[in-house]
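Visitor: After the structure tokens below, expect a handful of questions from me.
The values are calculated or read from the model by the stated rules, or taken from the named source; none is laboratory data. Predicted model, so just to flag it, every value in this text is computed and none were measured. Cβ atoms come from the backbone with ideal geometry, glycine included; neighbour counts cover every protein chain shown. The protein model used for the area step is the full one, side chains on, heavy atoms only, and it has no ligands, DNA or RNA in it. Shrake-Rupley method; radii C 1.70, N 1.55, O 1.52, S 1.80 Å.
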Amino acid sequence: MSDVKKKEGKNKKKLTVSPEFTLKDDFEPFSEYDSIFGRVNWDEKMKTYKVYMYDKVPDILDEEQPGYTQIDHALAIASWTVHDYFRRAFSWEKLAKPNNMMPDALPEVYKIDEKNIDKVTRTIKAVTKSFGADMVGIAPYDKKWTYTEDRVETPIEMPEGMTSVIAIGAVMDADTISTSPSMTQGFASGMGYSQMAFIVSSLAEFIRKLGYRAIPTGNDTALSIPIAVDAGLGQVGRNGLLTTRDHGARVRLCKVFTDMPLLHDEKVDFGLTDYCRKCKRCAEACENEAISFDDEPSFKTYSDSNNKGIYRWAVNVDKCYEFWTDNGGECSTCISVCPFNLRSGLRFTDPRDYWKKRLAEQ
Amino acid sequence: MSTKTTSIEEELFKLIEQELSRPNYIVEPFVQKNKEEVGEIILRLVQNEKLAENLILLSIIYRQVLPYLEDEHYIPILTTIMQYDKLDSRICFQTIQRLGWRATKAQEAIPFIVKYLGEKQGIGDVAAIALGEMEYDKFENLIPGLLSALKNAAYYGTRMNAARILIKNKEHLESVLPKLIEALESDEDFRLRQKIARNFGEINNSKVKKALLKAHKNDKHPVVRTVAKTSLDDLEKLT
């Protein structure tokens with residue numbers, strides 16, 4: 001290659017997956033209606049149209065197969081309880097008066113200015129961790145990550161004046177995740193979701209008591225992954241998930257939108273895109289080849305469930321979900337094999353050994 | 001060598017030394033900041049074949065340095081290591097695997113990987129898989145190695161990769177189908193069996209259909225039975 005060409009090549013603007021996102025002109029904010037959990041209800045072209053995650057469980061449960069027994073399934077389902085039944089956790093308004101309490105005192109708005117904003121920001125992070133979060137970062141509110149509609153096509157209108165998003169990560173149990181793809185590992189996901197309900201609802205109430213607005217969210221309302229990237233929690237990996245330096249993608253995400261004045265975190269770049277370019281462990285291990293083997297990221301998408309116009313390795317989520325339905329529950333294989341998960345987690349645990357360890361602890 | 005490069009080299013080895021005494025992933029952020037220079041330094045370092053004897057140093061380089069280098073250094077470094085006369089089997093395995101992951105971009109390494117076909121300790125298996133990824137033009141020469149990996153590899157992931165490469169190569173699929181069916185029927189790991197069953201949903205062939213029916217009815221693992229049913233439904237749509 002001539003020196004001139006080499007120089008031109010080096011000066012060419014480098015496309016980045018994250019922490020800076022490269023967006024094309026055809027990028028549009030995503031509608032949750034198009035997500036896999038939205039499409040399963042209406043997209044007749046989808047192979048798993050109206051096939052829900054637990055539909056095949058009666059045929060799958062097998063007392064002879066480790067990780068696929070009734071105990072494993074019950075554990076996975078039960079772990080979702082707080083998330084699934086405490087729906088007020090995600091209320092956009094202050095929660096109503098509790099049954100067994102006096103009416104709340106109405107405090108003045110807690111004053112935040114240049115002098116105390118740093119302390120307030122650190123307090124918010126400390127409180128979030130006290131409620132059970134393992135990671136907290138704060139990003140400026142960016143409208144482009146907010147869903148245009150929810151799963152049932154209701155438009156989402158974020159109130160005016162939201163300035164920040166508190167991105168929260170709850171690290172999932174390493175032992176449990178390492179039993180993937182078994183039903184047992186569904187316990188780690190379910191626990192993550194129940195934890196998120198507790199954390200965001202409590203944090204939102206804390207912020208409201210200080211006189212500011214707070215909108216607690218799980219997977220709903222906005223894309224959690226780019227928000228977590230903007231808040232400095234990690235980067236996007238080949239498997240399409242938020243990947244952190246110390247726990248890989250073994251992190252469940254949630255977020256709280258607020259108008260409370262807060263300082264914003266810097267994004268982090270720990271070289272994940274370079275790493276993922278050279279590592280295809282997740283693609284090889286994926287139970288249904290839903291993860292790209294492409295050497296380079298691109299703007300390629302597989303279905304309407306991929307947000308268009310974003311440079312990355314898109315995941316074939318239709319294939320991913322198809323395995324979930326045949327597996328009788330979620331799968332975390334791409335999480336468990338990631339070298340960044342292995343910095344604090346485990347590669348594979350036979351569900352029999354998982355239970356042996358748990359029972360021995362009693 | 002410029003003063004800058006010398007000081008980067010000194011700093012790099014200082015960090016590696018610290019990492020040797022207490023693993024803390026302190027090398028990688030430094031590499032990310034100095035990719036170009038570190039790439040040159042490691043490329044020079046690997047010219048000395050004695051490096052092969054220092055397994056701990058190599059393991060830090062593999063984990064914390066190489067993943068962050070650009071291909072212009074990454075591939076020549078691994079290709080140089082592949083040419084060592086004596087190479088620890090684990091390092092050899094990892095080197096071949098990483099070159100395979102770079103697929104067609106690492107084709108310059110093909111001649112040095114081919115010689116490992118048929119090698120023991122899983123190296124022949126990973127060599128066949130890597131060459132498959134790299135689109136080696138004599139695919140038929142890889143088939144014995146891939147079939148051996150499919151049947152004998154100790155790690156289920158290696159068997160799964162062998163199956164994937166065999167299925168991907170449509171030209172030779174007919175000849176390897178009996179072995180894939182055998183793996184579907186008898187591999188001890190349900191993850192491999194379900195993956196073959198899943199892939200069979202795209203192969204419209206009577207033998208495949210028969211194998212899927214058998215798996216649907218008789219496989220001892222429920223996930224394989226369920227996937228086989230899904231694949232049978234897929235095949236039904238194809239006909």
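Visitor: Can you name every one of the strands (runs of 3 or more DSSP E) wholly within segment A:162-268 that holds 1 or more residues which are free of Cβ contacts under 8 Å to residues at least 60 places away in the same chain? Don't jump to the end; show me each part of the working.
Guide: Numbers: elements: A:164-171, A:214-217, A:251-258.
In segment A:162-268, A:214-217 are the strands (runs of 3 or more DSSP E) which contain 1 or more residues that are free of Cβ contacts under 8 Å to residues at least 60 places away in the same chain.
Visitor: Within segment A:332-350, which residues are within 10 Å of chain B (Cβ to nearest Cβ), within 24 Å of A:I71 (Cα to Cα) and modelled with pLDDT of 95 or more?
Guide: Matches in segment A:332-350: A:T333 only.
Visitor: List every residue pair whose Cβ atoms lie under 7 Å apart, where the two residues are 6 or more positions apart in sequence or sit on different chains, the first residue falls within segment B:210-239 and is within 13 Å of chain A (Cβ to nearest Cβ), and the second residue, located anywhere, is crowded, with 23+ Cβ neighbours inside 10 Å and of a type in the set (V, I, T).
Guide: Partner pairs satisfying both residue conditions: B:A215/B:V224.
Visitor: Quick check on B:I75: is it assigned by TED's automatic domain parsing to the domain that holds B:N54 and either over 13 Å from the mean Cα position of the chain (by Cα) or not in a helix (DSSP H, G or I) (or both)? Spell out the reasoning first.
Guide: Working: assigned by TED's automatic domain parsing to the domain that holds B:N54: yes; either over 13 Å from the mean Cα position of the chain (by Cα) or not in a helix (DSSP H, G or I) (or both): yes.
Yes.
Visitor: For the structure I just gave you, tell me whether B:R63 is touching a Pro at 6+ places or on another chain (Cβ under 9 Å), under 28 Å from B:G122 (Cβ atoms) and within 14 Å of another protein chain (Cβ to nearest Cβ). Before you say what the answer is, go through the steps one by one.
Guide: On the way: touching a Pro at 6+ places or on another chain (Cβ under 9 Å): yes; under 28 Å from B:G122 (Cβ atoms): yes; within 14 Å of another protein chain (Cβ to nearest Cβ): yes.
The answer is yes for B:R63.
Visitor: Let me ask you something else. What are the residues in segment A:312-360 that are open to solvent by 20 Å² or more (accessible area, probe 1.4 Å) and among the aromatic types (F, W, Y), if any?
Guide: A:W324, A:F348, A:W355
Visitor: Considering only residues that are out of contact with any helix residue (DSSP H, G or I) (no Cβ under 8 Å at 6 or more places or on another chain) and not in a helix (DSSP H, G or I), which ones fall in segment B:3-33? Give the derivation first.
Guide: Let us first name the residues in segment B:3-33 that are out of contact with any helix residue (DSSP H, G or I) (no Cβ under 8 Å at 6 or more places or on another chain), namely B:3, B:6-7, B:10, B:13-14, B:17-18, B:21-23, B:29, B:33.
The answer is B:R22, B:P23.
Visitor: Please specify each residue of segment B:138-170 satisfying the condition of being within 13 Å of chain A (Cβ to nearest Cβ), hydroxyl-bearing (S, T, Y), open to solvent by 20 Å² or more (accessible area, probe 1.4 Å) and part of a helix (DSSP H, G or I).
Guide: B:Y156
Visitor: Still on this structure, I have one more. With respect to B:K229, is the statement that it is touching an Asp or Glu at 6+ places or on another chain (Cβ under 8 Å) and either more than 21 Å from A:Y68 (Cα to Cα) or not assigned by TED's automatic domain parsing to the domain that holds B:A154 (or both) true? Give the derivation first.
Guide: Values: touching an Asp or Glu at 6+ places or on another chain (Cβ under 8 Å): no; either more than 21 Å from A:Y68 (Cα to Cα) or not assigned by TED's automatic domain parsing to the domain that holds B:A154 (or both): yes.
In short, no.
Visitor: Just to be sure I understand the filter: pairs with C-beta atoms under 7 Å, separated by 6 or more residues or on different chains, first member in segment A:81-104 and of a type in the set (S, T, Y), second member at pLDDT 90 or above. Which pairs pass?
Guide: Taking only residues 6 or more apart or on different chains, the pairs are A:T81/A:S194.
Visitor: Scan segment B:193-218 residue by residue and report those that are out of contact with any Ser or Thr (no Cβ under 9 Å at 6 or more places or on another chain), closer than 28 Å to A:H73 by Cα and crowded, with 21+ Cβ neighbours inside 10 Å.
Guide: B:K195, B:I196
Visitor: Follow-up. Quick one: A:V127 ticks every box in (1) open to solvent by less than 80 Å² (accessible area, probe 1.4 Å); (2) more than 30 Å from A:I310 (Cα to Cα); (3) assigned to a loop (DSSP other than H, G, I, E, B) except a single one, so which number is it?
Guide: Condition (3) is where A:V127 drops out.
Visitor: Give the residue that is surrounded by the fewest Cβ atoms within 10 Å (Cβ to Cβ), with candidates limited to residues of segment A:251-289 that are over 30 Å from A:K115 (Cα atoms) and touching a Gly at 6+ places or on another chain (Cβ under 7 Å).
Guide: Only one residue tops the list, namely A:E284.
Visitor: Out of A:G237, A:G248, A:G232, A:G192, report the one residue that is more than 16 Å from A:L95 (Cα to Cα), open to solvent by 10 Å² or more (accessible area, probe 1.4 Å) and not charged (D, E, K, R).
Guide: Values: A:G237 fails: open to solvent by 10 Å² or more (accessible area, probe 1.4 Å); A:G248 fails: open to solvent by 10 Å² or more (accessible area, probe 1.4 Å); A:G192 fails: open to solvent by 10 Å² or more (accessible area, probe 1.4 Å).
Residue meeting the stated conditions: A:G232.
Visitor: Report, by residue number, each residue of segment B:13-29 that is open to solvent by less than 80 Å² (accessible area, probe 1.4 Å), away from chain A (no Cβ under 11 Å), within 26 Å of A:H247 (Cα to Cα) and without any contact (Cβ under 8 Å) to a residue 40 or more places away in the chain. Working first, answer last.
Guide: Taking segment B:13-29 first, the residues open to solvent by less than 80 Å² (accessible area, probe 1.4 Å) are B:13, B:15-16, B:19, B:25-29.
Filter again for away from chain A (no Cβ under 11 Å), leaving B:13, B:15-16, B:19, B:26-27.
Cutting the leftovers down to within 26 Å of A:H247 (Cα to Cα) gives us B:15-16, B:19, B:26-27.
Those that are open to solvent by less than 80 Å² (accessible area, probe 1.4 Å), away from chain A (no Cβ under 11 Å), within 26 Å of A:H247 (Cα to Cα) and without any contact (Cβ under 8 Å) to a residue 40 or more places away in the chain: B:L15, B:I26, B:V27.
Visitor: Restricting to segment A:32-54, count the residues that are within 14 Å of chain B (Cβ to nearest Cβ) and open to solvent by less than 80 Å² (accessible area, probe 1.4 Å).
Guide: Number satisfying all stated conditions: 6.
Visitor: Search segment A:321-331 for residues being within 12 Å of chain B (Cβ to nearest Cβ) and of a type outside the set (F, W, Y), and hand back the single one that is nearest to A:K300 (Cα to Cα).
Guide: The selected residue is A:E322.
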